[in-house]
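Before any comments, here is the structure.
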Amino acid sequence: MATPIRADEDALRTAVRNIICSAYAPTDLHDAFERTRAKILALVTEALQSVAGDLNRSNAVVTLPPELLCCVANYLPLDGRVRVALVCRYWRSTILAASSLWSSLDIELGTRAHIWSAALDALFARSAGQPLSLELRVAPR
């Protein structure tokens, strides 16, 4: 019996061969090349996402209970919460759905103050009607 990774490799090779063979039917080789490249990229992306998903499901840190994950995230500053939401899909959905994490914001406006207008709209939306506590500081230039 083939291992799951080996089966994925074989399926990817077969799919790439089929795509390349079908690429010679069109008369415009440039368009055929672009379509083939896009299909191969989609297959590789799908394979990588599948492997990453399998690895994440077996990792105890990634599958923390939502209550524990939110408790830990509550101790992080705003930029830390945003970074934690980028770890994986599960963490992202859990962190962004926890309105209590977005109801108390401590923001320092510095040289990049222009980005906060749009960011505040998103942060307020994430707070989902929770009472807000907002502390703004302006850093000297």
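Within the stretch 64-93, being of a type outside the set (D, E, K, R), in a helix (DSSP H, G or I) and closer than 22 Å to Val51 by Cβ holds for Tyr90, Trp91, Ser93.
The number of residues in the stretch 118-132 being of a type outside the set (Lys, Arg) and closer than 16 Å to Arg81 by Cα comes to 7. Name the residue that is farthest from Ala122 (Cα to Cα), counting only residues in the stretch 94-105 that are outside any helix (DSSP H, G or I) and out of contact with any helix residue (DSSP H, G or I) (no Cβ under 7 Å at 6 or more places or on another chain). Taking the candidates together, the pick is Ser104.
Restricting to the stretch 44-63, what's the tally of residues that are open to solvent by 70 Å² or more (accessible area, probe 1.4 Å), among the polar types (S, T, N, Q) and assigned to a helix (DSSP H, G or I)? Going through the stretch 44-63 one residue at a time, the tally reaches 1.
Residue-level analysis places Ile40 outside the set of residues that are surrounded by 12 or more Cβ atoms within 10 Å (Cβ to Cβ), aliphatic (A, V, I, L, M) and modelled with pLDDT under 75. Looking only at residues in the stretch 100-136 that are open to solvent by less than 90 Å² (accessible area, probe 1.4 Å) and charged (D, E, K, R), which one is modelled with the lowest pLDDT? Selected residue: Asp106.
The values are calculated or read from the model by the stated rules, or taken from the named source; none is laboratory data. Owing to the predicted nature of the structure, the values given are computational and were not obtained by experimental measurement. Positions of Cβ are backbone-derived with ideal geometry, glycine not excepted, and every protein chain shown enters the neighbour counts. In case anyone asks, the SASA skips ligands and DNA or RNA and just uses the protein heavy atoms, side chains included. Shrake-Rupley method; radii C 1.70, N 1.55, O 1.52, S 1.80 Å.
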